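Chemist: Starting off with a structure, shown below.
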Amino acid sequence: MKISFNWLSEYIDLDNFKSNSNELGKKLTDVGLEVEGIEDQKKAWENVVVAKIITKKAHPNADRLSLCQVKVGAETLQIVCGAKNHKEGDWVVAALPGANLPGDFLIKKSKLRGELSCGMLCSEEELGLNKTMDGILILQKEDLKKEESLQEGKNWSDYKNLSDSIFDINITPNRTDCLSHFGIARELSCVLDKTLKKDFPAKTISDKFSAFPIKIEKSNLNLGYSGCVVKNVKIKESPKWLKQRLASVGVKSINNVVDVTNFVMWELGQPMHAFDLQKVNKEINIRKAKKGESLVTLDNKNIEFKGGELIIANESSPIALAGIIGGLDSGVNKDTQDIFIESAYFSPSDIRKTAKVFGIQTDSSDRFSKGSDSSILLQALNRACELIKDLAQAEVEKDIFYHKPPQINNEKINITQKFLEDKLGYSVNMKDFDKWIKALGCQLKVSSSESREVVAPIFRKDLCQPVDLLEEYARLNGYDKIPEVLPSFTGGPGKHNDYYLQNTRLANLCKNAGLLQAINYHFTNSIFQKEFLEFDLLHKTKDLKKYSTYMGGDPVSVLNPLSGDLNVMRLSLLPGLFQNLIHNYNHNQKLGNLFELGTVFNKQENNYNEQNFLSLISWGNKETLWDKSKSPLVFELKGRVESLLKSLNISFKWKVIKDLNLCPDFLHPKRSLALQIRGKLVGYLGDLHPMLLQKHKIRLNVSLAEFNTDLFNLAPTICDSNILTGKYPSVTRDLSVLCLKTLLSEDINQLIKKVAGKDCISCRVFDIYEPKDKEKLSITFRLVVQNSEKTYSEEDLQLLQANIFKNLSDKLGVEIPSS
């Protein structure tokens, strides 16, 4: 927030800091009001001067340019100008080499079409002023005060009386009492132990307001509202002092009435609004908007209400979005004669929610949404009426409307010397504590020599418990007084959380497998998530509850989303990873492997569930100069998953999803697998559905996988007794079978393991050969067996092989190739 030193000096004596604004900035920062920067206006306008055009002639090499000889003091410089509105004898503003204009526009000597230009003649916009004329700014002699005179070379800051220092202060959300010049002055009066120069009397309350009815719906009683009618207003340009005050904080002047409302807000922190009384139509109704109603705002944007937003309306339609922005039609303009001045208090939650819904951020909404001071409505109203009466020669009605804001009674806070000393780590003088607390405007009662009872002022809503008073004392007394001594630690470091350890290990294994980690928001776009997870060309109804623990749940909606793209909690990590893929693919990254570890959320009836998931996604095919082979990407991803599970000593089993109704919509129905651990289905792996690839115009193979890592804890370790090195040697035997292409190799593999029994150490597909008979395949399995009591003889192996072939033939119908 911008604060003007000159403006601030109207409320508190700051003469000691006139020549050293940095010292004042340090004091503000030391007490928690962080000054992020100080702009010295004199320095900002260095090398920008008042000048007089002596001669003007055409540029020899350009029809649209002119050569001007400009007197800038003791010397006359040549400046090339492209404007058409100037002539010889005009007084102008010249930016000389070295000047830095608003927008970081650095001026230097340069040649324009072969002619040297020693600066620039400035327009109003280039000087940060409102545009009132085309071309460059021509200074009008008659607009100056009598005691002022135009002088060549006079600094622009002196001519405009720009001798201010502007503080850019970062006000924390809890310090709404400092969102004004008077609020900062009040804080400084405490810090510097100086009295305030000014007080602001309240407008006298009257019960006789009868200008027109003002109605407040019963559902909106959590607000305060005051207003006054001002008649015969003369709308005109604001005086120089008012425009200067507003310009110092970056607010453009509009007219005298609107400028007064802005001035009071920056002075006292109370947002104000002025309505054209004729457009009020003799009724103000503070109510909730109806669905379908609309309003054209002051910035000429049309907003349509969804229903439930707090608005100010006349008898027929909305005229303002309460606490945020006024309506264009009811605003003050040059034809306005009578006005209604509003000073109100609105519920912070109402304003914050509505401002976010419509994406409207104003100085008014910022103050209301953080919680304005409900006790100054009448002071602000009185101040605005007095200024308008003076600046617009208006008549202020005596009777006002006043609906008292909700009663705010700050609770008594009990605090002891022991509490202060225990937390701060040094001895506390309770007299110093009393001094600072009283200076803040708190009511103080001395309960005993070591305890106090404190009641905070209404404008300090952030003071509600002992630790708040401790913080106030610490910052005002000086953080530098806290001893720089580290506390002693007697215990050892705490044990890491099991979830953290598991995730760290999983992340490291994934990185070692060549995957990069992605971290996405827990929120996502409901439409994109639904289109991805429930992608179904045939619109079939699927019972996904049987397949995975979360697929049957409903998404959890976010009540107050940051944006429309983040309006639900994620059901899965895969939509986020897929968006990462799309972004990389659109930036010509045609090969990638990503993983994400995180939580997913769903709602089932009245229960909210949170689960830990691991998701992986790969796209593109790696191709080197020597290796042109293109193995299916899904096998590479499957290999990575198997390597990860084996590193975790997890016994697992892949299961082909035979029932297409149990296959997630986004997976290829013929290229997907389910992962089982101890009979539980914990996730899936497969290729992305080709229709999804086509929809997003991705011309690469994409494979993905997702697993519920909470269920990894159910897994037994692979290190069983039959895997340990035995006394007798293991034996390897290759078994070849001829089977139909429709038969799953996994079914054959499982039957071989079952027949081999506990002696089976491993069995895997070793080779696949496709003979001339295209309907069948020859598959070779490599079986490794080991007996714990004896060495396998050739006779034992022949017997086992015959038993395996018989079971395969009888149960699966496979053929045994003739040797």
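Chemist: Of 270, 278, 244, which residue is in contact (Cβ under 8 Å) with a residue 12 or more places away in the chain, open to solvent by less than 40 Å² (accessible area, probe 1.4 Å) and either more than 17 Å from residue 351 (Cα to Cα) or in contact with a strand residue (DSSP E or B) (Cβ under 7 Å, 6 or more places away or on another chain) (or both)?
Modeler: The conditions single out 270.
Chemist: Applying the selection to the stretch 213-241, what residues are in a strand (DSSP E or B) and open to solvent by 30 Å² or more (accessible area, probe 1.4 Å)?
Modeler: Hits for the stretch 213-241 are 215, 216, 231.
Chemist: Taking the options 402, 426, name whichever one is hydroxyl-bearing (Ser, Thr, Tyr) and under 29 Å from residue 205 (Cα atoms).
Modeler: Of the residues listed, the single one that is hydroxyl-bearing (Ser, Thr, Tyr) and under 29 Å from residue 205 (Cα atoms) is 402.
Chemist: Checking residue 476 against (1) within 30 Å of residue 373 (Cβ to Cβ); (2) assigned to a loop (DSSP other than H, G, I, E, B); (3) of a type outside the set (S, T, N, Q), which test does it fail?
Modeler: Status for residue 476: all satisfied but (2).
Chemist: Among the residues of the stretch 422-452, count how many are assigned to a strand (DSSP E or B) and surrounded by 14 or more Cβ atoms within 10 Å (Cβ to Cβ).
Modeler: Going through the stretch 422-452 one residue at a time, the tally reaches 3.
Chemist: Is it the case, given these coordinates, that residue 264 is within 19 Å of residue 346 (Cα to Cα), part of a helix (DSSP H, G or I) and either open to solvent by less than 10 Å² (accessible area, probe 1.4 Å) or in the same structural domain as residue 335 (by TED's automatic domain parsing) (or both)?
Modeler: yes
Chemist: Does residue 210 meet the test of being in contact with a helix residue (DSSP H, G or I) (Cβ under 8 Å, 6 or more places away or on another chain), on the phi < 0 side of the Ramachandran plot and among the small types (Gly, Ala, Ser)?
Modeler: Judged against the criteria, residue 210 is not a match.
Chemist: Being open to solvent by 40 Å² or more (accessible area, probe 1.4 Å), in contact (Cβ under 8 Å) with a residue 12 or more places away in the chain and assigned to a helix (DSSP H, G or I): is that true of residue 499 here?
Modeler: yes
Chemist: Please find, within the stretch 668-712, the residue that is most open to solvent (accessible area, probe 1.4 Å) out of those that are charged (D, E, K, R) and within 30 Å of residue 499 (Cβ to Cβ). Walk me through it before giving the result.
Modeler: Kept after step one, since they are charged (D, E, K, R), are these residues of the stretch 668-712: 670-671, 678, 680, 687, 695, 697, 699, 706, 710.
Narrowing the set further to residues that are within 30 Å of residue 499 (Cβ to Cβ) leaves 678, 680, 706, 710.
Numbers: 678: 169, 680: 104, 706: 1, 710: 59 Å².
So the residue we want is 678.
Chemist: Also, I was wondering about something else. Which residue pairs have Cβ atoms closer than 8 Å, lie 6 or more positions apart in sequence or on different chains, and pair a first residue in the stretch 377-394 that is over 16 Å from residue 242 (Cβ atoms) with a second residue that is assigned to a helix (DSSP H, G or I) and hydrophobic (A, V, I, L, M, F, W, C)?
Modeler: Note: pairs meeting the criteria are 379/268; 380/264; 380/268.
Chemist: Name the pairs: first residue in the stretch 632-651 and on the phi < 0 side of the Ramachandran plot, second residue assigned to a helix (DSSP H, G or I) and surrounded by fewer than 15 Cβ atoms within 10 Å (Cβ to Cβ), Cβ to Cβ under 8 Å, at least 6 apart or on different chains?
Modeler: What qualifies is 648/505.
Chemist: Also: Among the numbered criteria (1) touching a residue at least 40 places away in the same chain (Cβ under 8 Å); (2) of a type outside the set (Ser, Thr, Tyr); (3) crowded, with 16+ Cβ neighbours inside 10 Å, which single criterion is violated by residue 293?
Modeler: Result: residue 293 fails condition (1) only.
Chemist: Which condition breaks for residue 639 when tested against (1) within 38 Å of the chain's Cα centre (by Cα); (2) modelled with pLDDT of 85 or more?
Modeler: (1)
Chemist: So, residue 471, is that one under 32 Å from the mean Cα position of the chain (by Cα) and either modelled with pLDDT of 95 or more or open to solvent by 40 Å² or more (accessible area, probe 1.4 Å) (or both) or not?
Modeler: Taking the combined requirement at face value, the residue satisfies it.
Chemist: Also: Looking at the stretch 770-782 only, could you name the residues that are open to solvent by less than 20 Å² (accessible area, probe 1.4 Å) and either among the aromatic types (Phe, Trp, Tyr) or more than 14 Å from residue 746 (Cα to Cα) (or both)?
Modeler: 781
Chemist: Next up: Please go through (1) surrounded by fewer than 18 Cβ atoms within 10 Å (Cβ to Cβ); (2) touching a residue at least 12 places away in the same chain (Cβ under 8 Å) for residue 617 and return the number of the only condition it doesn't satisfy.
Modeler: (1)
Chemist: Still on this structure, please answer the following. Do any strands (runs of 3 or more DSSP E) lying entirely in the stretch 108-205 carry at least 2 residues that are in contact with a strand residue (DSSP E or B) (Cβ under 9 Å, 6 or more places away or on another chain) and open to solvent by less than 20 Å² (accessible area, probe 1.4 Å), and which ones are they?
Modeler: So the answer is 165-170.
The values are calculated or read from the model by the stated rules, or taken from the named source; none is laboratory data. Predicted, not measured: the structure shown is a model, and the values here were computed from it. With ideal geometry, Cβ positions are generated from the backbone for all residues, glycine too; neighbour counts draw on all protein chains shown. Remember, those area values only see protein heavy atoms, side chains included, never the ligands or the DNA or RNA. Shrake-Rupley method; radii C 1.70, N 1.55, O 1.52, S 1.80 Å.
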